[in-house]
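The values are calculated or read from the model by the stated rules, or taken from the named source; none is laboratory data. All values reported here derive from a predicted model rather than from experimental measurement. A quick note on method: Cβ atoms are made from the backbone with ideal geometry, for glycine too, and the neighbour counts reach across all protein chains shown. These accessible areas exclude ligands, DNA and RNA; they are computed on the full protein's heavy atoms, side chains included. Shrake-Rupley method; radii C 1.70, N 1.55, O 1.52, S 1.80 Å.
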Amino acid sequence: IDFAGPWEVFQDTMVGDQMPFQLFTVSEKTATIEGSGGLKLVPDYTFANPPECKVVVVPAQKGSDALHEWLRKVSRTADVTMSVCTGAFQLAKAGLLDGKSATTHHEFLDQLEKKFPEIKVKRGVRFVEGEKISTAGGLSSGIDLALRVVERYFGRSAAERTATYMEY
């Protein structure tokens, strides 16, 4: 749900009769990735060749140096770079949370705080929104943050229509 929840929000957003978000996946390689429970994903692009990214969603994952390098690069021009669940650790490893407030899955808050003392870890919140970098807690809170991104772009009524369509 870390990536599928926000994906659903962005795919269900309608502004007039237009779907304003162009959705795609990016990874180090376009080889099949096995997710939790055996889910198989085939990324659309590699870090070397994605289209312009305005919203970047980083779900829980092992990560890599290549991911961290790409996140540092893409976050400079993206409107929003957001993590869901322990994806916050990938933003932290890329140095994007230094000096900022952030959250993650409740069972990993202590670990985030201990491993990255320069982050102001927030507890008991669904998400922490920054101007360009935002973090959501575990799993379904990524939907909350994605709806907030829709609201930032298109207003509260667009976010409410999206949530209603999703039966959220």
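Accessible surface area normalised per residue over the chain is 55 Å², counting heavy atoms of protein chains with a 1.4 Å rolling probe. With a cut-off of 18 Å on the backbone N, the residues of the stretch 18-45 near the modelled label site 7 Å out from residue 139 along Cα-Cβ are 35-39. In a reduced charge model with +1 at each Lys and Arg Cβ and -1 at each Asp and Glu Cβ, the chain shows a dipole moment near 460 debye about its Cα centre. Across 115, 93, 40, mean-square fluctuation computed from a Gaussian network of the chain (C-alpha pairs under 10 Å connected) peaks at 40.
Summarise the accessible area of the chain (1.4 Å probe, protein heavy atoms) by the percent that is carbon and sulfur. In the chain, the share of accessible area belonging to carbon and sulfur is 51 percent.
Close amide-amide hydrogen proximity is noted between residue 134 and 81, 82, 83, each under 5 Å apart and 5 or more residues distant or on a separate chain (H modeled in the peptide plane; Pro and chain starts excluded).
Length gained on full extension, residue 152 to residue 114: 10.5 nm, using 0.36 nm per residue less the C-alpha separation. Under 19 Å of direct C-alpha separation, and excluding same-chain neighbours fewer than eight residues apart, residue 40 reaches these aspartates and glutamates: 2, 8, 28. Residue-wise HN-Hα couplings along the stretch 32-41, as the Karplus relation 6.51 cos²θ - 1.76 cosθ + 1.60 with θ = phi - 60° gives them from phi, are 4, 10, 9, x, 5, x, x, 4, 10, 10 Hz; Gly and Pro carry x. Projecting the Cα atoms of 119, 139, 159 onto the dipole axis of the stretch 91-168, where Lys and Arg carry +1 and Asp and Glu carry -1 at the beta carbon, places 119 farthest toward the positive end.
FRET efficiency for the pair residue 101 and residue 45, taken as 1/(1 + (r/R0)^6) with r the Cβ-Cβ distance and R0 = 45 Å, rounds to 0.90. Roughly what percent of Cα-Cα pairs across the stretch 76-118 reach past 14 Å? Above the 14 Å cut-off, the stretch 76-118 has 42 percent of its Cα pairs.
Counting every C-alpha pair in the chain, the share spaced more than 20 angstrom apart comes to 50%. Which whole-number percent of Cα pairs in the stretch 80-144 have a distance greater than 15 Å? I get 36 percent for the Cα pairs in the stretch 80-144 exceeding 15 Å.
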